[in-house]
Amino acid sequence: MAIAHITEDEKALIEAIRELALERVAPRAAEIDHTGEFPWDLKELLAQQDILAMPFPTEYGGIGASELAVVMAIEELSRHCATTSLILAVQQLGAMPILLAGNEQQKRKYIPRLASGEWTAAFGLTEAGSGSDAAAMQTRAVRKGDTYILNGSKRFITNGGLAQVNSIFAITDPQVGTRGISAFIVERDFPGFAVGRIEEKMGIKGSQTAELIFTDCEVPTENLLGREGEGFKIALSTLDQTRIGIGAQALGIAQGALDLAVAYAKQRVQFDKPIAENQGIQFMLADMATKVEASRLLVYNAAEMVDRGEEHFGRYSAMAKMYASDRAMEVTNDAIQILGGYGYMKEYPAERMMRDAKITQIYEGTNQIQRLVIARDLLK
Ligand SMILES: Cc1cc2nc3c(=O)[nH]c(=O)nc-3n(C[C@H](O)[C@H](O)[C@H](O)COP(=O)(O)OP(=O)(O)OC[C@H]3O[C@@H](n4cnc5c(N)ncnc54)[C@H](O)[C@@H]3O)c2cc1C
């Protein structure tokens, strides 16, 4: 196992999450995938067990866990259900702009209710015409007295319509490019906020992915995060940190697929012996395990850089997310191969794991964009 510098209390918490995931989350995973319904029961469980409080400082009602402990928690949940791990990951993603750029009043108003799990959060950057090129967004925010009026829409927003607290990015000054983008805390109940289409997806089916529509949406000026024009920087700083959690999600999915493949290979008998006795299968398992462990090292390393307060961890969080998600696709694919025809069937979780792994190569910046981030940092 990779070296992990967490406190004794955090170790105990991660151990408890491992057991909870096995006993309470794993039995629900296939049903969540089948129905595509958001698992409110598991969201409540994560709230009750203070797992949703992990990413938040104690002064705002959180338990102030290290980033490493947060990613380890995501990993443990992902081993059994990627949808459930996303509840924790997106609580951090949606709240991170407030943690990074919010003033005291904003933090006091929003963070305690996110830490307790009473409210959930969402992060709205992507639009129909602007994905990788986030700066091409069209959503506008125009100041009128003590409110900003937002018009436009956001696409593919995780927790969209479920989250009470939405970190939304919009253009306040179209003349100055990325320096004209600002960030806002938009509550679901603000006038002019509506939910558009809910997407049907390949994987993470219990996670709601929705369009958010702003029609003369009224956002009080006190909900501007930082200053006007700082939104793009806030979005990028948020993703630099939270994409480590996506690496952890990929890592957990891959570990779950490896566990399954090992167990299956030991009990499946063909030609009068367990298939695990064939060197061809053993080599596949060895490669899978090595990929999982290498992913773990990259993910934990990036998280520890955050915990040490290192400023330039962006390259390493991009590496962790890119590497772990690419490996998760390979490992889940190999797990299906080891399970043979049974791997292709919904009776076993291997095919769900592969469908869930795919999204980790796409969201919070595609892996092509991660390579751009890494290369730019290398060449600057
Ligand atoms: C299930 C799901 C949940 C999501 N949740 C959220 C969320 O909560 N909040 C949010 O804001 N967004 C969310 N997204 C959006 C996600 O971050 C974007 O889908 C992603 O950033 C890619 O944008 P795009 O889909 O528009 O693809 P595009 O940007 O159109 O990219 C298409 C292809 O071109 C490649 N490409 C683009 N530019 C380059 C380049 N310069 N060099 C090389 N290749 C390039 C991409 O890598 C990709 O392979 C979610 C998406 C999904 C599918």
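Overview of results
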read-out: Mean ellipticity per residue at 222 nm, deg cm²/dmol - from DSSP H runs of n ≥ 4 across the chain, formula -39500 (n - 2.57); value: -17000 deg cm²/dmol
read-out: Helical segments meeting 27 Å axial Cα length and Kyte-Doolittle 1.0 threshold in the chain (DSSP H); value: 82-101
read-out: Neighbour-count order for PHE283, PHE156, fewest beta carbons within 10 angstrom listed first; value: PHE283, PHE156
read-out: Dipole magnitude of the chain, debye to nearest 20 (Cβ charges: Lys/Arg +1, Asp/Glu -1, about Cα centre); value: 800
read-out: Binned Cα-Cα distance frequencies in the chain - 10 Å width, integer %; value: 5, 24, 33, 24, 10, 3, 1, 0
read-out: Rough spin-label spacing in nm, given labels placed 7 Å along Cα→Cβ, for ALA16 and LEU379; value: 4.9
read-out: Residues in the stretch 151-186 reached by a label modelled at ASP216 [backbone nitrogen below 13 Å; 7 Å Cα→Cβ]; value: 151
read-out: VAL195/ALA128 FRET efficiency (R0 25 Å; Cβ-Cβ; nearest 0.05); value: 0.95
read-out: Lysines whose Cα lies under 26 Å from that of LYS107, excluding same-chain neighbours fewer than 8 positions away; value: LYS43, LYS144, LYS154, LYS233
read-out: Gain upon complete extension [GLU23, ARG371; 0.36 nm per residue less C-alpha separation]; value: 121.5 nm
read-out: Spin-label pair ARG143/TRP40, simplified geometry with 7 Å Cα→Cβ offset, distance in nm; value: 4.0
read-out: Charge dipole (debye, nearest 20) of the stretch 121-228; +1 at Cβ of Lys and Arg, -1 at Cβ of Asp and Glu; value: 220
read-out: Eligible lysines near LYS346 by straight Cα distance, threshold 16 Å, same-chain separation 8 or greater; value: LYS205
read-out: Extension reserve of the GLU59-ALA136 stretch, reckoned as 0.36 nm per residue once the Cα distance is removed; value: 24.0 nm
read-out: Label-point separation in nm, GLN105 to GLU8, each point 7 Å along Cα→Cβ; value: 4.4
read-out: R0 of 35 Å, Cβ-Cβ distance ARG268-GLU311: FRET efficiency to nearest 0.05; value: 0.10
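No value in this document is a laboratory result; all are computed from the given coordinates. As the structure is a prediction and not an experimental result, all values here were calculated from the model. When we count neighbours, we look across all protein chains shown, and the Cβ atoms used for this are built from the backbone with ideal geometry, even at glycine.
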